[in-house]
Amino acid sequence: MEHSRGRTDFHQPNLNRLEDATLCAFPEEIEYANPKMNKSEEIFIFGSNYLDKTTIEVVLKRKPLPKNSINDEMKDQVSVKVQLDDGKGNVYCLNESTIVNFRSNEYYGCGLAIESLQANKTTRIKFRGYLNRFSSDNPKQMVNHSDHDFANEVNAKLVYVRFRFLCLSIAKTFDYGREISKKFLSNEMRDEFTGSFANILENRFEQHCHIKGTFKVEDFDDNIEMAFSGTIERRFQPNLNSFGPRYVSRINGFTCKGLKFQIGVVTSSSFQYRYGMMTDRFINPRSLKYLSISPQLLETYVLKANKIPCLSFDCKFVENGDKLMKFDLKPYKGNVHSITIDGVDGFAFVNHHKYDDQNEQNEPRIVTNQMLRTNLILVIKFQDIDVNFMEMAGGKGATLSQLWKICSTNNKKLDWSIPNGIIVTTEAFRLQLYSIETFPVKIEKLKKSVCGSKRATIDMICNEFVDWFANQPLLKMVQDEIEIKLVEQFGHTWNEKCKFAIRSSTMIEDSMEMSAAGQMSSYLGISGLPQIVSAVVKCWASQFSFVSIEYKRTYGQDLCSPMAVIIQEMIDGDAAGVIFTAHPFDGDERKMIINSNFGLGDSVVASYADPDTFELEVDIRANSYQIPRHVRRIGNREIGKKLLTTRIRNCIEDVVKIEDFVMQQQWLNGRSEPSIDDSTVLRLGTIALLIQQVQSSIRDIEWTIKDGKIYILQSRPITNLDSGFIDYELEHELDSPSFTEFELYSRAHWGENYPGAISWIPILMRLYPYRFGKLMVRFGLIHLQDYNPYRPSIGIVSNQVMLNISSGSISFMFRDYPKSSLSRALVIAIFGRHIDDNDFNEHIRNISEDILRNITFKKKVVQSFILSSLLFVWPKELSKIEKMFFDKDSQAFDFEAKISNIPLCDKLSKLYEISNQNLQFLDLHGALSFGSSIKTFILMQLLKSSNDVTNVDSDYNMMLSHCNTLVSAEVPDQLRNIAKVLVDKKRFVQMSDVEALSALQNKRLEPIAAQAFEEFLARHGHRGYRELDFMHQPWGMDPLPCVQAIQSMLKNDTSLESKQVKSIEQIMFEMKTPLPKWKLYLIKRFILPWVQESVGLRERSKSIIIKWHDMFRKALWHIAATMVNEGLIPEQDIFFYLTFDEIQRIIRREQCPILLMKARQRKRLYPYMDKLKFDEFLRGFHMKPRELSEKSNELKNDSFTLHGTAITIGCVEGRVFVAESIKDSINIKQDDILVTYSTDIGWSPYYPLLSGIVTEIGGTISHGAVIAREYGIPCLISVENACAYFRTGDMARLDTKNGTITKILSK
């Protein structure tokens, strides 16, 4: 076996690291996923959807430019190509180059950005800009167009486009420098080459992925959702060698059934070789080992792709047996070709590239190192700031310096300027703090006080701190330096002629992610050194105000941030306002917005007045800011009422507070004339375009005008327009990647375990594939290097957990369906009914054929061993594991205690490590559940062997309904017993739930009931609604649902009656199905006890899983509390809207603002995601939630009948209670028929109140089915759209003998 590991392949299923389960990224993965400061790089992204006839190609090439001096900013030369076919006759193209500032977290340029959200797992593609659209209804008209022709088509129309795509990895990276078959390469080179292979192989990584997102064009009303099979390639600057230019011709392709490949040829003057790799739905990438066509023919086809009608060849790949795969290609559109591989259709991309290693080498950049400075700089002038002083000048200060330089070279024609000024640096701030002896104690007290306190308390504490800090004297050396610099800038008479604006400047202000607008105080119209000094200190103090503190906590910032203060000449303008160089709502840069009012600009910025609004039309011919843009004309204009303006006070003798240097002036009827004329509007637009060009991003610019001269006061990015996240991205970022265009998911089974949407810490979703991979390696079913951590054995769509029927492990269970009785029994156990869906049956058949084809004799022996273990070995292990979890003296799973005393930075990784050391219970529950299904199947087959099967179902349900070992059934029984022993039942019912809980915890008032309740929580406190989701609290953390259930029981005495459990003798006596004596004896003595025991074992093993989750939950809440105390997150619950990778980055204080903003967006979106309902089966790339049928509204006044699968036999009539979630349960009335999507153990306390149960999903082993059988409640499962058809208050007849529920019309 030939296989080498790539440079980012560190995943090991036998180790307990967060990175192995892809919950976090390895450092090496992060290194290769982000831009390199000194190396050229290329990103290639290809994707296709054969069924929708859509394709996407994105290419970004980046080359670092040398710095002429240490004071220069780091810049990159970037070229971008985009080509997207929407499948509706439109091809959108871009082919541009530009120069941008270097960013360490994303590749970007010409409106495109490629950002790694989690290295090698999730990548985001963003575009906001302008594409050329070439339209044709006939694809054949586009065949002879090259990709360059599309971008420069005469008939193309420039349109505004926004798209966001997520690339979700489905396989490990393929490292071309390490993983190409050396044997194949040796045969390729023969005697032509004697050097090292390392020098000729491309320094390139490729990773296959599923691409999904939204695409919006200016003249289309709605976003278009698109999805592709795709690949991401990263090519890095090669090592310097002497081979000269090389030419790479390659074909990337994807079939609709999940096969992904690349085949190519590399040619230079010294060598030529072919290469290739392939990934199918079951394995990681494999290198090419045989190719039937010559390098010359392959290269010729690529170079003349649109002139050669077709190309056919055969391939073999390493570790794919000797399977010969037949490839057929022919041109489709541009560089997109249609392909057929072994009869399966798809698309391929044909490209040719020239690389010159000599030209790709970059001069090492001189990296700024502020430690080179030894002098202390307390105050600095605008014109003296360069890249070395950015940190000490803060965000606003650095921008003003840049504006000063722009203006100094571009102000002649437009007559504009930057008001002069100086900056009191962050070093002066640090020195001020150091001089205050009590500051360290007070700031620590402030930090502790704001964590966990109420808002009113925090407000009071912050006000006291601000007052204290503002009264501290400014250091004499800082005062002196301010005066010296003011004299240098404005002359000795500055104190008489100048007024100033005093504003904050921290590093968190005016960034792409955070504006911090209005968070710190500004002081306008200040004159005189004493007032300036006072304003500087007050400005520093304002960062400790309640508003500022809450803002920082929201973004995870240090409460005491390094802060500079700007002292800038104040212009008492005739008019002022703001400019947005792109429309602030949709980001279209052809629409510039200018707001204006008379007087100072704060009336506009602070929204004191209704300003004038001008919309300028901008002529844009390219996305690059290096291509000049021009203001075409003034478009829409709206003259505001302008009832108020702000001016500087002319007379300041009576002013006592520096806050009073500015006054507001009101006009009773407003001013109807425009605050600025058209010529000024056009000048402002031209200046704004100039600033945007130099700063290379869309800007929010503050300006004023005095006596016809324009002054630019500030320029900041328009916050979050590009860096923020749209709802689609947050809704689908956890989605499982689809291997094929025919993926098949179902909400069956997992819908009851995870009702609604899960939180962003889906540990079990990673544990199952991780554990499955470990077992596969352990039993020798796969090689260690075949472990694929990205392969989803469980499906997730919109944070809702799905049964991934496309997964080989699931399909294998149903491989003989519907032929074999066992597979039919398993389908009913999972889905609650027989499946007559053609897609399901075909999917199972196709997947099973692939699986069975690869099953060896060794694998069959292993499977037989596993099957026998399910029935006989695993049940014996349960008691041992239970003791580990529930023994009071056992500390094996007290995760919180084990991580409580270690540093925060190690807590999460340590928690994962220790929690993964004993995961036998995961295997145990799966084994016992599967074994129980087999045993109940044997019982059913015995009953069905009778000559009279009329009563088989009722006898079968009776046998299963009297298991006396069900953990779930204990819950209502114990709560009912608590209700019975209450001393004052009447008063207990009348109490609020909080008062009732207090009574139950008071052993003096309720000695017996309180003791019983304490024992109940000790036994079942880890259970509850949504018990598998760490975000939701179980009964032990929130007992109120149990209290409410007890109160509901007390309202009706019949719910306090205990259930009578029948013995096996009684069951056999009442059984009506006729069987021979030997079969009756077999059932009585062996099969029935065996089956009843297995049902109880399954319940007990699930309780162990829930207990493990509860211990893990407590540890996570401990970590969340620690992060709150350290000021990393604002409150504990926000923790559960973060992924593990994001939590680790926040702990390392990386990208805290954008990550916490993302978490808040998720929290806002979560209620919507939680309410989504899905059909039983979801298909293909576009798995969307159910659109509730209009038929339900049409029938709400009519009688109708729905069908499902009966669990227990009975017929009842009663009021329907429709519950969207368990929150509705407090309104359940005695003898209601519950209609809901699914149930879990959280519903158990309410079962004694019900006369019937109907669920939309669930199998015969689901929680609802098990408890319904145990209590003999008539129950239907798998009733499609029941919640949509019924309304609470409807009357219905539930007849489970006929499998129906019928709405009864009121007479």
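Check region 611-619 and report whether any residue there is open to solvent by 10 Å² or more (accessible area, probe 1.4 Å) and either touching a residue at least 60 places away in the same chain (Cβ under 8 Å) or closer than 22 Å to ILE418 by Cβ (or both). Explain how you work it out, then say what you get.
Within region 611-619, the first condition is being open to solvent by 10 Å² or more (accessible area, probe 1.4 Å), and the residues that meet it are 611, 613, 615, 617, 619.
Filter once more, so that each one left must be either touching a residue at least 60 places away in the same chain (Cβ under 8 Å) or closer than 22 Å to ILE418 by Cβ (or both): 611.
Yes, region 611-619 has at least one match.
Looking at this structure, is VAL424 within 26 Å of ILE526 (Cβ to Cβ), more than 43 Å from the chain's Cα centre (by Cα) and of a type outside the set (D, E, K, R)? Steps first, answer last, please.
Working: within 26 Å of ILE526 (Cβ to Cβ): yes; more than 43 Å from the chain's Cα centre (by Cα): no; of a type outside the set (D, E, K, R): yes.
For VAL424, the condition - within 26 Å of ILE526 (Cβ to Cβ), more than 43 Å from the chain's Cα centre (by Cα) and of a type outside the set (D, E, K, R) - is not met.
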Verdict on ARG250 being over 30 Å from the mean Cα position of the chain (by Cα), at pLDDT below 85, of a type outside the set (A, V, I, L, M) and open to solvent by less than 10 Å² (accessible area, probe 1.4 Å): no
Where ASN144 falls short, out of the listed (1) modelled with pLDDT of 90 or more; (2) open to solvent by 30 Å² or more (accessible area, probe 1.4 Å); (3) in a loop (DSSP other than H, G, I, E, B): (1)
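Residue by residue through region 1258-1273, note down the ones that are assigned to a loop (DSSP other than H, G, I, E, B) and touching an Asp or Glu at 6+ places or on another chain (Cβ under 7 Å).
Our first condition is that a residue be assigned to a loop (DSSP other than H, G, I, E, B); within region 1258-1273, this holds for 1258-1262, 1272-1273.
Across region 1258-1273, the qualifying residues are GLY1258, SER1262.
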Looking at PHE895, PHE930 in this structure, which one is modelled with pLDDT under 90 and either open to solvent by 20 Å² or more (accessible area, probe 1.4 Å) or among the small types (Gly, Ala, Ser) (or both)? PHE930
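Please specify each residue of region 576-590 satisfying the condition of being out of contact with any Phe, Trp or Tyr (no Cβ under 9 Å at 6 or more places or on another chain) and assigned to a strand (DSSP E or B).
Initial filter on region 576-590 (out of contact with any Phe, Trp or Tyr (no Cβ under 9 Å at 6 or more places or on another chain)): 580-585.
Hit for region 576-590 is PHE580, nothing else.
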Filter region 490-544 for residues that are open to solvent by 10 Å² or more (accessible area, probe 1.4 Å), of a type in the set (Val, Ile, Thr) and modelled with pLDDT of 90 or more and give the result. VAL533
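Condition first: open to solvent by less than 40 Å² (accessible area, probe 1.4 Å), in a helix (DSSP H, G or I) and over 22 Å from PHE598 (Cβ atoms). Now tell me which residues in region 677-705 satisfy that.
Scanning region 677-705 gives LEU689, LEU690, ILE691, GLN692, GLN695.
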I'd like the full set of residues that are within 19 Å of HIS749 (Cβ to Cβ) and charged (D, E, K, R), limited to region 1216-1268. ASP1240, GLU1256
Can you work out which of the residues in region 947-977 that are crowded, with 17+ Cβ neighbours inside 10 Å and part of a loop (DSSP other than H, G, I, E, B) is farthest from the chain's Cα centre (by Cα)? HIS962
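Scanning region 336-390 for residues that are among the charged types (D, E, K, R) and within 30 Å of GLY491 (Cβ to Cβ), which turns out modelled with the highest pLDDT? Don't jump to the end; show me each part of the working.
So the first thing to find is which residues in region 336-390 are among the charged types (D, E, K, R), and the list is 342, 345, 354, 356-357, 360, 363, 365, 373, 381, 384, 386.
The next check asks that each one be within 30 Å of GLY491 (Cβ to Cβ); those that pass are 373, 381, 384, 386.
Details: ARG373: 47, LYS381: 90, ASP384: 82, ASP386: 69.
Going through the qualifying residues, I end up with LYS381.
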The one condition in (1) modelled with pLDDT under 90; (2) loosely packed, with under 15 Cβ neighbours inside 10 Å; (3) part of a helix (DSSP H, G or I) that TRP1078 fails to fulfil: (1)
Among the residues of region 80-126 satisfying the criterion of being in a strand (DSSP E or B) and aromatic (Phe, Trp, Tyr), which is most open to solvent (accessible area, probe 1.4 Å)? TYR108
Going through region 1234-1255 in order, the residues found to be in a strand (DSSP E or B) and among the aliphatic types (A, V, I, L, M) are LEU1234, VAL1235, LEU1250, ILE1253, VAL1254
Taking the criterion of being on the phi > 0 side of the Ramachandran plot, in contact with an Asp or Glu (Cβ under 9 Å, 6 or more places away or on another chain) and buried (at least 19 other Cβ atoms within 10 Å of the Cβ), would at least one residue in region 1215-1230 satisfy it? no
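I need a count of the residues in region 814-869 that are part of a helix (DSSP H, G or I) and modelled with pLDDT of 70 or more.
To start, the set of residues in region 814-869 that are part of a helix (DSSP H, G or I) comprises 821-831, 838-853, 857-869.
Next, from what is left, pick out any that are modelled with pLDDT of 70 or more: 821-831, 838-846.
Adding up the residues that qualify gives 20.
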Going by the conditions given, is ARG164 open to solvent by 10 Å² or more (accessible area, probe 1.4 Å), within 28 Å of PRO285 (Cβ to Cβ) and modelled with pLDDT of 95 or more? yes
Which numbered condition TRP1117 fails, given (1) out of contact with any Leu (no Cβ under 7 Å at 6 or more places or on another chain); (2) open to solvent by less than 20 Å² (accessible area, probe 1.4 Å); (3) hydrophobic (A, V, I, L, M, F, W, C); (4) within 28 Å of CYS24 (Cβ to Cβ): (2)
Inside region 47-79, can you point out the residues that are part of a loop (DSSP other than H, G, I, E, B) and either charged (D, E, K, R) or crowded, with 24+ Cβ neighbours inside 10 Å (or both)? ASP52, LYS53, LYS67, ASP72, GLU73
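Quick check on region 403-430: of everything there that is among the charged types (D, E, K, R) and assigned to a helix (DSSP H, G or I), which residue is least open to solvent (accessible area, probe 1.4 Å)? Can you show your working first?
Filtering region 403-430 down to residues among the charged types (D, E, K, R) leaves 405, 412-413, 415, 427, 430.
Now restrict to residues that are assigned to a helix (DSSP H, G or I): 405, 427, 430.
Values: LYS405: 96, GLU427: 36, ARG430: 106 Å².
Ranking the candidates gives GLU427 first.
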What are the residues in region 1178-1205 that are touching a Phe, Trp or Tyr at 6+ places or on another chain (Cβ under 8 Å), at pLDDT 85 or above and closer than 17 Å to TYR1285 by Cβ, if any? PHE1200, LEU1202
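Of everything in region 621-635 that's part of a strand (DSSP E or B) and among the aliphatic types (A, V, I, L, M), which residue is farthest from the chain's Cα centre (by Cα)? Don't jump to the end; show me each part of the working.
Of the residues in region 621-635, the ones part of a strand (DSSP E or B) are 630-635.
Subset that is among the aliphatic types (A, V, I, L, M): 631, 634.
Working: VAL631: 39, ILE634: 41 Å.
If we take residues in region 621-635 being part of a strand (DSSP E or B) and among the aliphatic types (A, V, I, L, M), then ILE634 is farthest from the chain's Cα centre (by Cα).
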Of all residues in region 1206-1233, which are modelled with pLDDT of 85 or more, small (Gly, Ala, Ser) and not in a loop (DSSP other than H, G, I, E, B)? ALA1206, GLY1214, ALA1219
Which numbered condition trips up ILE571, out of (1) assigned to a loop (DSSP other than H, G, I, E, B); (2) open to solvent by less than 10 Å² (accessible area, probe 1.4 Å)? (2)
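Are there any helices (runs of 4 or more DSSP H) wholly within region 706-782 with 3 or more residues that are modelled with pLDDT under 85 and either over 23 Å from the mean Cα position of the chain (by Cα) or under 21 Å from PRO1153 (Cα atoms) (or both), and if so which? Walk me through it before giving the result.
On the way: elements: 727-732, 750-753, 763-778.
In region 706-782, 763-778 are the helices (runs of 4 or more DSSP H) which contain 3 or more residues that are modelled with pLDDT under 85 and either over 23 Å from the mean Cα position of the chain (by Cα) or under 21 Å from PRO1153 (Cα atoms) (or both).
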Quick test for you: out of GLU1131, GLU1150, pick the one residue that is surrounded by fewer than 21 Cβ atoms within 10 Å (Cβ to Cβ) and under 20 Å from GLY724 (Cα atoms). GLU1150
Taking the criterion of being open to solvent by 30 Å² or more (accessible area, probe 1.4 Å), part of a loop (DSSP other than H, G, I, E, B) and farther than 30 Å from LEU644 by Cα, would at least one residue in region 598-606 satisfy it? no
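Picking from GLU1099, GLU1126, which residue would you name as being closer than 21 Å to SER932 by Cβ, open to solvent by 10 Å² or more (accessible area, probe 1.4 Å) and of a type in the set (Asp, Glu)? It would help to see each step written out before you state the result.
On the way: GLU1126 fails: closer than 21 Å to SER932 by Cβ.
Unique residue meeting the criteria: GLU1099.
The values are calculated or read from the model by the stated rules, or taken from the named source; none is laboratory data. This structure is a prediction, so every number in the text was calculated from the model and none was measured. Neighbour counts are summed over all protein chains in view; Cβ atoms, including those assigned to glycine, are modelled from backbone coordinates with ideal geometry. SASA here: full protein model, heavy atoms, side chains in, ligands and nucleic acids out. Shrake-Rupley method; radii C 1.70, N 1.55, O 1.52, S 1.80 Å.
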